[in-house]
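Data block below; observations after.
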Amino acid sequence: MTTRIDRTAVLSVSGGMDSCVLVYYYASAGFNLHLLSFDYGQKNVNELTYAEKYIAKAREHFCKGSNAIEIRHRVIELPLAQLLENSDSALINASRSMPYGPATTESLKAITVPYRNPNMLIQATTAAWDVEASIVAYAVHYNEYPLPDAQEAFVKAFNQMLTVAMNTSTIKVEAPFLSFTKAQIVRLGASFNAPFELTWSCFEGGSNGLEEKHCGKCATCLDRYNAFKLAGIADPTRYANNPKSYPPLERKQGTAGEGA
Ligand SMILES: [Zn+2]
């Protein structure tokens, strides 16, 4: 049935809160969901466990009753760490320590995994082709230091590439939170009753002996903490270190990477 196919979306999701809200966003709109998470050799193994947790909660909420949708989830292995054997990215290199404190241009360089999002999106697009879905989405959002693959120009170019690659534009990649701040995503998630307590952001997840606590020191922990604070929504996260000890950096207008 064509209508059914058109109501399927393939989402590339991590265990993070943005991905969780993305799932609730499309589920609330009535889409059947094919969710893909990626094991790319990241130190943050906790995120895959937490993806399972919030997806299980979403199933409880959306997969019952007369308007029930289907939610399928798979973890796909991506050999990024094998291909990037010379990489010193702190996300995949065990000997590289995680930079602490708010994001700077330097710290972002230290955690870059080249072509991570494009790799994930091409897998998701391939899956979308297989199930005849027309939408692929991922949860990038506005950031003070916008990553190249978290911008409209990238999404547009990726869609052009897809059209050329198969000589058809039946599948479109969407990034509905592209202009949202993380605090706005928290507010949107709260409006859906998204289970933030079942999401995981910390880059050090599972690799630092902290188990179920966020480190409270890495850039993504601080982003998470500040987003809840700015949104005025209670933060259910347990932090091993008080994120308050890393106040946001003073920034000069139009400059990036100032500060330590
Ligand atoms: Zn952390």
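If you go through region 212-232 one residue at a time, do you hit one that is farther than 18 Å from Gly16 by Cβ and either crowded, with 19+ Cβ neighbours inside 10 Å or modelled with pLDDT of 90 or more (or both)? Yes, some residue in region 212-232 is farther than 18 Å from Gly16 by Cβ and either crowded, with 19+ Cβ neighbours inside 10 Å or modelled with pLDDT of 90 or more (or both). Looking across region 154-167, the residues that are among the β-branched types (Val, Ile, Thr) and farther than 12 Å from Thr125 by Cβ come down to Val155, Val164.
All of (1) out of contact with any helix residue (DSSP H, G or I) (no Cβ under 8 Å at 6 or more places or on another chain); (2) open to solvent by less than 80 Å² (accessible area, probe 1.4 Å); (3) farther than 26 Å from Glu152 by Cα hold for Glu85 with one exception: (2). Every listed requirement among (1) at pLDDT below 95; (2) open to solvent by less than 40 Å² (accessible area, probe 1.4 Å) is met by Ser169 save one, (2). Within region 40-61, residues that are at positive phi reach partners that are open to solvent by less than 40 Å² (accessible area, probe 1.4 Å) and modelled with pLDDT under 95 with beta carbons closer than 8 Å, at six or more positions or on different chains, in the pairs Gly41/Leu80; Gly41/Ala81; Gly41/Ile92. Report yes if some residue within region 16-28 is surrounded by 19 or more Cβ atoms within 10 Å (Cβ to Cβ), charged (D, E, K, R), under 14 Å from the mean Cα position of the chain (by Cα) and at pLDDT 95 or above; otherwise report no. Looking for residues that are surrounded by 19 or more Cβ atoms within 10 Å (Cβ to Cβ), charged (D, E, K, R), under 14 Å from the mean Cα position of the chain (by Cα) and at pLDDT 95 or above, one finds at least one in region 16-28, hence yes.
On inspection, Ser107 passes the criterion of being crowded, with 18+ Cβ neighbours inside 10 Å and modelled with pLDDT under 80. Taking the listed residues Ala51, Ala56, Ala68, the one that is surrounded by fewer than 22 Cβ atoms within 10 Å (Cβ to Cβ) and under 22 Å from Lys213 (Cβ atoms) is Ala56, with no other qualifying. Every residue in region 69-125 that is free of Cβ contacts under 8 Å to residues at least 60 places away in the same chain and hydroxyl-bearing (Ser, Thr, Tyr), please. Listed by number, the residues that qualify are Ser87, Ser89, Ser95, Ser97, Thr112, Tyr115. Would you call Thr170 closer than 28 Å to Arg59 by Cα and of a type in the set (S, T, N, Q)? Taking the combined requirement at face value, the residue satisfies it.
Counting only helices (runs of 4 or more DSSP H) that fall entirely inside region 1-93 and contain at least 1 residues that are more than 24 Å from Asp130 (Cβ to Cβ) and among the β-branched types (Val, Ile, Thr), the qualifying elements are 17-28, 46-62. If you check Glu204 against the conditions, is it of a type in the set (Asp, Glu), within 23 Å of Gly16 (Cα to Cα), within 16 Å of the ligand (Cβ to nearest atom) and surrounded by fewer than 18 Cβ atoms within 10 Å (Cβ to Cβ)? It is false that Glu204 is of a type in the set (Asp, Glu), within 23 Å of Gly16 (Cα to Cα), within 16 Å of the ligand (Cβ to nearest atom) and surrounded by fewer than 18 Cβ atoms within 10 Å (Cβ to Cβ).
The values are calculated or read from the model by the stated rules, or taken from the named source; none is laboratory data. Because the structure is predicted, anything quoted here is derived from the model rather than measured. Note that each Cβ is placed from the backbone with ideal geometry, even for glycine, and that neighbours are counted across all protein chains shown. Heads up: the accessible areas ignore ligands, DNA and RNA and are worked out on the full protein's heavy atoms, side chains in. Shrake-Rupley method; radii C 1.70, N 1.55, O 1.52, S 1.80 Å.
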